[in-house]
1. Solvent-accessible area per residue for the chain at a 1.4 Å probe radius, Å²?
2. Could you order VAL139, VAL57 so the one with the most accessible surface comes first? Probe is 1.4 Å.
3. Between ARG120 and SER101, 0.36 nm times their residue separation minus their Cα-Cα distance comes to what?
4. For the chain, max minus min Cα coordinate along each principal axis, in Å, sorted largest first?
5. Tell me the mean residue ellipticity at 222 nm calculated for the chain from its helices only (DSSP H runs of n ≥ 4, each -39500 (n - 2.57), averaged over every residue, nearest 500).
6. If you take every residue apart from LEU85 with its C-beta less than 15 Å away from the C-beta of LEU85, what net charge results, scoring Lys and Arg +1 and Asp and Glu -1?
7. If I take R0 = 22 Å and measure r between the Cβ atoms of ARG9 and GLN42 in this structure, what FRET efficiency does the formula 1/(1 + (r/R0)^6) give, to the nearest 0.05?
8. How would you rank 69-79, 126-136, highest first, on the average number of other Cβ atoms within 10 Å across their residues?
Amino acid sequence: MTCYKPGQRSRLIYRPRKDDRRDGRKSFSWRDYRDLLIAAHQQLGGPIVLVWDNLNVHKAAGLREFAASQDWLTIYYLPPYAPDLNPVEGIWSLLRRGWLSNVAFTTPEHLIQRIRRGLRHIQYRPRLIDGCLTETGLVISR
């Protein structure tokens, strides 16, 4: 999750998830996204205006109910098929071209380790996160 606020440094909040195959999912569930939003709210200490793509799990009934019950959370959706407007796509691009390129992963843990290392590197460089927003052409207004 990329976080932007005028006058403050940009932030990256992430929670890599290893597929433990107990629930059969290979991606985040709506509960994982809910937990990420709660963690972001606690970490940022204020209301969140969330701009999401149209991934089906982002519009799951449980997540919609959760969002409706939170006065600190406002959600807007990007138009369909608009990855060029999503700053998180820039984060993934940085990872794929950097920390994940030219590596033969030996275990799932090795992959997770490299993802965490790359995300941590990006997390401590707000200019990289700013660049991902700039690349979308979107601007933050008060």
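1. Solvent-accessible surface per residue comes out at 67 Å².
2. Of VAL139, VAL57, the descending order of accessible area is VAL139, VAL57.
3. The span from ARG120 to SER101 would gain 5.2 nm if fully extended.
4. Rounded to whole Å, the extents work out to 44, 37, 31 Å.
5. Taken over the chain, the calculation gives -13500 deg cm²/dmol.
6. Charge balance in the 15 Å sphere: -4.
7. Efficiency, rounded to the nearest 0.05: 0.75.
8. 126-136, 69-79
The values are calculated or read from the model by the stated rules, or taken from the named source; none is laboratory data. Keep in mind that this is a model prediction, so the values were computed, not measured. Neighbour counts run over all protein chains shown; Cβ positions are idealised from the backbone, glycine included. The protein model used for the area step is the full one, side chains on, heavy atoms only, and it has no ligands, DNA or RNA in it. Shrake-Rupley method; radii C 1.70, N 1.55, O 1.52, S 1.80 Å.
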